[in-house]
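Comments concern the structure below.
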Amino acid sequence: MKSLQSVAAWSHKRCQDEGRVGKKIMNRTSQRNSTKVLLFLLVFTVFVFIVAFRLGNRAGLLTALAVLSVVYVLAFYLAPTFLEDLFSVSPLDGHDAWKINQYLTQIFFPLREQPPRVFMFDCDSVNAFVTSRPFHSPKIYISRALLERLDEKEVHAVLAVLSSRLMHQDGFKETLMSLIRQIIAGIGEHMDQLFRARIFSPIFAPLSRVLGKLLFSEKMMYRHDTWAAEIIGQKSLVAETLRKLHAYSLTSPLRVPLGFEQDFIVTPDPLVKNYLPLHVSVEKRLVQLQGIYPN
């Protein structure tokens, strides 16, 4: 496994090999996401105002303003913090026996970027997830059970995979996807409660999963694992860590709301059978990473 100094050297060399300043690797993605945000807001706002004015004149404009305000609040504040509100989280400050903050600093500092803040959530499931949204710093969340059951090298392998995801994912698309899927699934649950019968959820839930499947890229998941292996310097360590996380998720599954399971490093509840799984199976990820599925 690479030392912390080797990780820093690797990050700097990667920046040079790709022919751009380290700062641009993260900033380019951030700027691209911010541009998408602004363009989306502009086009969507103009479209809604035009339709609202034609339908209701001034009253329509006021209604559109109220609706857009609610949508923007949900998209930028409520959806990305849903998992944080679901668990009891606390910042991983002070005594850091796993050298997590030091390790993240060694990865992100050569890229001229502040490392993401790390939080621990109280849970018996061995898992971790990330959240990111436009104009806000990304965050990494690690379960208490993960820190208790994995050694330092395996924890660093988890951090490498999550760091790769933060560097390459489109935070705006992820935010909107989670929000829209939650709204669709919520409509089904609300209709079930209204009619006191579980009729609508089985209809709306698959629609939500179809949307997620259309927006989710399996190739990007494989890229995260490969890039993490380059950081660590050992494919076998990343592979073994993923296998261990998957095994723990089978014995201690974690039920999360529909639309958020793709945020986790491995499927939080693999026992639930889905016809359109959003998470790539660990078996496929290991085949892509190592060429064969290790016994």
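The values are calculated or read from the model by the stated rules, or taken from the named source; none is laboratory data. Since the model is a prediction, treat every value here as computed from it, not as a measurement. Methodologically, a virtual Cβ is constructed for each residue, glycine included, from the backbone with ideal geometry; neighbour enumeration extends over all protein chains shown.
Consider segment 232-261 and keep the residues that are in contact with a helix residue (DSSP H, G or I) (Cβ under 8 Å, 6 or more places away or on another chain) and of a type in the set (Lys, Arg). The one that is nearest to Val210 (Cα to Cα) is Arg243. If the condition is being without any contact (Cβ under 8 Å) to a residue 24 or more places away in the chain and either under 21 Å from Leu245 (Cβ atoms) or outside any loop (DSSP other than H, G, I, E, B) (or both), then segment 98-142 contributes Asn101, Thr105. When Glu113 is tested against (1) under 24 Å from His156 (Cβ atoms); (2) at pLDDT 80 or above; (3) crowded, with 17+ Cβ neighbours inside 10 Å, exactly one condition is not met: (2).
Checked against (1) assigned to a loop (DSSP other than H, G, I, E, B); (2) modelled with pLDDT of 90 or more; (3) exposed (fewer than 15 other Cβ atoms within 10 Å of the Cβ); (4) of a type outside the set (Gly, Ala, Ser), Arg198 passes all but a single condition, namely (2). Hey, could you check segment 105-150 for residues that are within 13 Å of the chain's Cα centre (by Cα) and of a type in the set (D, E, K, R) and say which is farthest from Leu254 (Cα to Cα)? So, considering only residues that are within 13 Å of the chain's Cα centre (by Cα) and of a type in the set (D, E, K, R), the one farthest from Leu254 (Cα to Cα) is Arg133. Residues in segment 98-110 that are surrounded by 19 or more Cβ atoms within 10 Å (Cβ to Cβ) and at pLDDT below 90: Trp98, Gln106, Ile107, Phe108, Pro110.
To keep it simple, each residue is scored yes or no on (1) touching a residue at least 40 places away in the same chain (Cβ under 8 Å); (2) assigned to a loop (DSSP other than H, G, I, E, B).
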| position | (1), (2) |
| --- | --- |
| Trp227 | yes, no |
| Ile231 | yes, no |
| Leu237 | yes, no |
| Arg243 | yes, no |
| Ala247 | no, no |
| Pro257 | yes, yes |
| Gln262 | yes, no |
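Contact map, segment 148-162: first residue without any contact (Cβ under 8 Å) to a residue 60 or more places away in the chain, second residue assigned to a helix (DSSP H, G or I), Cβ cut-off under 7 Å, separation 6 or more or different chains; pairs are Val155/Ile100; Val155/Leu147; Leu159/Ile100; Leu159/Tyr103; Leu159/Leu104. Checking each residue in segment 59-97 for being at pLDDT 85 or above and assigned to a helix (DSSP H, G or I) picks out Ala59, Gly60, Leu61, Leu62, Thr63, Ala64, Leu65, Ala66.
For the structure I just gave you, tell me whether Phe172 is in a helix (DSSP H, G or I) and modelled with pLDDT under 90.
Working: in a helix (DSSP H, G or I): yes; modelled with pLDDT under 90: yes.
Yes; evaluated as a whole, the condition is true for this residue.
Restricting attention to segment 201-242, the residues that are among the polar types (S, T, N, Q), modelled with pLDDT under 90, surrounded by fewer than 21 Cβ atoms within 10 Å (Cβ to Cβ) and farther than 18 Å from Leu162 by Cβ add up to 1.
Does Gln262 qualify as being modelled with pLDDT under 90 and under 18 Å from the mean Cα position of the chain (by Cα)?
Values: modelled with pLDDT under 90: yes; under 18 Å from the mean Cα position of the chain (by Cα): yes.
Yes: the conditions hold for Gln262.
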